[in-house]
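Where a number appears in this text, it was derived from the coordinates with a stated rule and is not lab data. The model shown is predicted, which means the values in this text are computed figures rather than measured ones. Ideal geometry is used to build each Cβ from the backbone, glycine not excepted, and the neighbour counts take in all protein chains shown.
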Amino acid sequence: MTFSFEVPLLILLILTAAGAILVKDLVPAVFILGSYSFFLALVWACLGAVDVAFVEAVVGAGLATVFFLLTLFRTAQKDTRLYPSSYRGAALIGLPLLGFLILYAANDLPKFGDPASPASVHVSPVYLENSLHDTRTPNVVTSVLMDYRALDTLIETVVIFTAGIACALLLGRSRE
Amino acid sequence: MKFFFLFVLIALAVLILVYLYRVVQGPTIYDRVLGLNGISTKAIILLVLIGTVYERVDMFVDISTGYALLNLVGALAIAKFLEQRGSV
């Protein structure tokens, strides 16, 4: 049932990804990339990874589109590639081989939603059984992110904050 | 009933293709913004329908509401840039 609806979405994904690469003008490419991340978010929602879908919709379709447009308005809008066609043959042979290799490796992965897979046997039962008692939070994702891995989240926030400050310093300097 | 919802899902996915044509082909940037907006409205309905198929509508309604709000903000941001820049 999941599979039958995923197929048109995946076809749309491939179409939009190819369109974003092939379009010569960069402003349409940005918009096609925005629709690509809409479809990616829908695929995530189909698979049940709702938080990932939400982040993809916010960052991919919203923020990234605006940032790309901002960059394009300050720079050139035409696609000027450094090496146009010399690597095309190698890409046509190499990328399908790489895809085949990845598909071959994906055969060994546990099935989707398998309760006996290593990821759902090792630590996640501990979190699922104890999180309400330990943290008094009904949402397990929140309790893992903000409680069990609070230090990790704090340092991630510090990293992002530092990057933001560095960007603000660099960009604010050129305005003077 | 599930088949009906699946049919609607696939019909909406086909409808998105029409908007996608406008995004890819659209002569001006405004056509592309409108096409992207249309795609995102279909995506909101698709999210609610996916929730109906999975029988978790309450959660997916929240998500699609957030999606709609963010889409409004994104469209406003693009419109603001276009206004500042003039026609592209």
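Computed per residue of the protein assembly as shown from DSSP H runs no shorter than four, each worth -39500 (n - 2.57), the mean residue ellipticity at 222 nm is -26000 deg cm²/dmol.
Per-peptide packing, taken as the mean over residues of other Cβ atoms within 10 Å, places A:61-72, A:127-138, A:149-160, A:34-45 in the sequence A:34-45, A:61-72, A:127-138, A:149-160 from highest down. Legend: mean number of C-beta atoms from other chains within 10 angstrom of residue C-beta atoms, peptide A:30-41, equals 5. Binning the C-alpha pair distances of chain A at 10 Å intervals from 0 yields a P(r) profile of 8, 19, 30, 27, 13, 3, 0 %, listed from the shortest bin outward.
In a simple Cβ point-charge model (Lys, Arg +1; Asp, Glu -1; nothing else charged), the protein assembly as shown has a dipole of about 1080 debye relative to its Cα centre.
Just to verify a number: FRET efficiency for B:Met59 and A:Leu170, C-beta to C-beta distance, R0 = 51 Å, to 0.05? About 0.80, to the nearest 0.05. Between B:Val14, B:Asn71, B:Phe60, the Cα set farthest toward the positive side of the dipole of chain B (charges on each charged residue's Cβ, about the Cα centre) is that of B:Val14. Extents of segment A:123-176, taken as max minus min of Cα coordinates on every principal axis and listed largest first, are 56, 18, 12 Å. Indicate the gyration tensor shape class of segment A:1-71 (rounded, prolate or oblate), computed on the Cα atoms with a ≥ b ≥ c the square roots of the eigenvalues: a/c under 1.5 is rounded; otherwise a/b larger than b/c is prolate and the rest oblate. Here segment A:1-71 falls in the oblate category. For segment B:24-88, averaging the sequence separation of C-alpha pairs within contact (under 8 Å, six or more residues apart) and dividing by the residue count gives a relative contact order of 29 percent.
Quick check on segment B:2-85: take the gyration tensor over C-alpha atoms, sort the square-rooted eigenvalues as a ≥ b ≥ c, and tell me if it's rounded (a/c under 1.5), prolate or oblate. Walk me through the numbers before you get to the answer.
Details: a/c = 6.44, a/b = 1.60, b/c = 4.02.
Here segment B:2-85 falls in the oblate category.
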